[in-house]
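The structure appears right after this line, and notes come after that.
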Amino acid sequence: MNAPPMTQWLNDLLSVLQWLQQGILWIFHALTGRQTEFGQPAWPFDYRIAGEILIIDHGLARNLIISLVAVLLILLLFVLACFWRRARWYLGVVAVLLVVFVPWPGTTILTNAMPASMHQSPTGFNADSIQRGSQLYARHCLNCHGADGRGHGVDAKKLSFLPPDLSSQLLGKRADGELVWHMLYGMQDGQGQQTMPGFAEELTAEDTWSLLDYLKALAAGQGAARNGAWPIPVALPDFDVLCNYGDSGRMRSLQRHQFVRLVAVGGEEEIMEDPRLYTVLVGPAADTHENPYVQCRVKDDAVWQSLALIAGTTPKDLPGSQFLADQDGWLRARTFTAWSTDDFLCRDGETSAKKEKSVDELQELLLRMEREPVKYIKGGFVH
């Protein structure tokens, strides 16, 4: 979220590259049936396109676009040569000139890959998975990575390499599949020396996805507490809700492209009417509020714990806090008091210049969400 602003052409390029690689993946899977222990198709090559490099090196990205256009032109010339014999020699010369003078990017656009590089999380980032991940983290990761994920655990000094800061933007710069692969099989440096052990004997594939969900929530909360911003985009966790008029189910399916307001209630907090928002009460006292302005309620402790983690606070200090999710399901703002434009914690690029206080700060937040939609680049690709 603090990376260089994404221009639309680069966003489109990354989308096309992702689509091409997913197409290659499914073709190989259809031919070979090869998949990993995660139950998803295995990437068949040692390398993949380094989308994370293209995000930083815009010149390289432009060269890649030129190269892709040149490839299409060469293919078109080949097709024309097959049907236009009289011009075949001229078409061949043009094709050769393209090959010679086009600025081909070479292997600089490639990076090491692993069989799980294209995997996607099956959990949907749900509250139960986050809570399960917190238990796994305490059991297997806490001693090295520390309670805050910054790598200052009690055993960290015993390692030859200090653990990375998991509360930074790191998780947003690596593909999900590669992160969970490292959890199972560890990591090595350029000389082959182990920098992190693998946990394939202690963790299942399902465990690793839950751990990753917890790490994303932990990174969000630590970033909010230290820097007043979530270091990577964080989705509204999915969970079961009980809604008015019997309209109940999973939060993600009930959102229906509306702005969602989550209100953590611990007692009799006043809930103000706001027709712009789809309001959901969360907490042990969620069903004690007789309020016609509330659409849904959830008392699940896993949701409470997950929101406290994402907010960067403790569960006992969560009552009274509110969260705003945009129409695409991304959490964008959090407050412990009245809404202010300073509560916008998920932003693209640099923080906007300070403005005079608006009469309706909430309206300013909603408008900003629409002006600055999340373009999430995960491992270099749009998700």
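Miscellaneous remarks
- Choice from Ile74, Ile56, Ile310 with maximal GNM fluctuation in the chain (Cα, 10 Å cutoff): Ile74
- Along principal axes, Cα extents of the chain, largest first, whole Å: 84, 52, 42
- C-alpha long axis of helix 88-101 to longest principal axis of the chain, angle in °: 50
- Contact order normalised by residue count of the chain, Cα under 8 Å, 6+ apart, percent: 17
- Candidates Ala95, Ala325, Ala225: whichever shows maximal mean-square fluctuation once the chain is modelled as a Gaussian network with Cα springs under 10 Å: Ala95
- Along the axis of the charge dipole computed for the chain (Cβ charges of +1 for Lys and Arg, -1 for Asp and Glu, origin at the Cα centre), the listed residues Leu212, Leu170, Val265 are led at the positive end by Leu170.
- Residues whose amide H falls under 5 Å from that of Asn126, counting only those 5 or more places apart or on a different chain, are Asp238, with hydrogens built in the peptide plane.
- Over the C-alpha trace of the stretch 1-132, radius of gyration and Dmax come out as 19.5, 70 angstrom.
- Highest-fluctuation residue, Leu367, Leu331, Leu184 considered, GNM on the chain with Cα pairs under 10 Å: Leu367
- Distance histogram in 10 Å bins (all Cα pairs of the stretch 127-227, percent per bin): 15, 51, 31, 3
- Restricting the calculation to alpha carbons of the stretch 57-146 gives Rg and Dmax of 24.6, 74 angstrom.
- Net length available on complete extension from His152 to Asp46 is 34.9 nm, with 0.36 nm assigned per residue and the Cα-Cα distance removed.
- Local charge for Asp176 was computed over the other residues whose Cβ lies under 12 Å away, with Lys and Arg +1 and Asp and Glu -1, and equals +2.
- With N the number of residues in the stretch 119-176, Rg(Cα) / (2.2 N^0.38 Å) evaluates to 1.24.
- Karplus (6.51, -1.76, 1.60) ³J(HN,Hα), θ = phi - 60°, over the stretch 104-110, in Hz, Gly and Pro reported as x: 5, x, x, 7, 5, 8, 10
- Cα-based helix-to-principal-axis angle, 176-185 vs the chain, degrees rounded to 10: 90
- For Phe259, the residues whose amide H sits under 5 Å from its own are Tyr278, ignoring neighbours fewer than 5 places away on the same chain, with H placed 1.01 Å from N.
- Value in Å of the Kirkwood radius, where the stretch 198-291 supplies the Cα pairs that are averaged: 16.1
- Calculated FRET efficiency, Thr108 to Met187, Cβ-Cβ distance, R0 = 22 Å: about 0.45 to the nearest 0.05.
- Using alpha-carbon coordinates, inclination of helix 205-227 to the longest axis of the chain, degrees: 70
- Kirkwood Rh in Å, taken over all unlike Cα pairs in the stretch 55-210: 19.6
- Rel. contact order, % - alpha carbon contacts under 8 angstrom, at least six apart, the stretch 127-227: 34
Every number in this text was worked out from the coordinates using simple rules, so none of it is lab data. It should be emphasised that the depicted structure is a prediction, and the values quoted were computed from it without experimental measurement. Cβ coordinates were reconstructed from backbone atoms using ideal geometry, including for glycine residues, and neighbour counts include every protein chain displayed.
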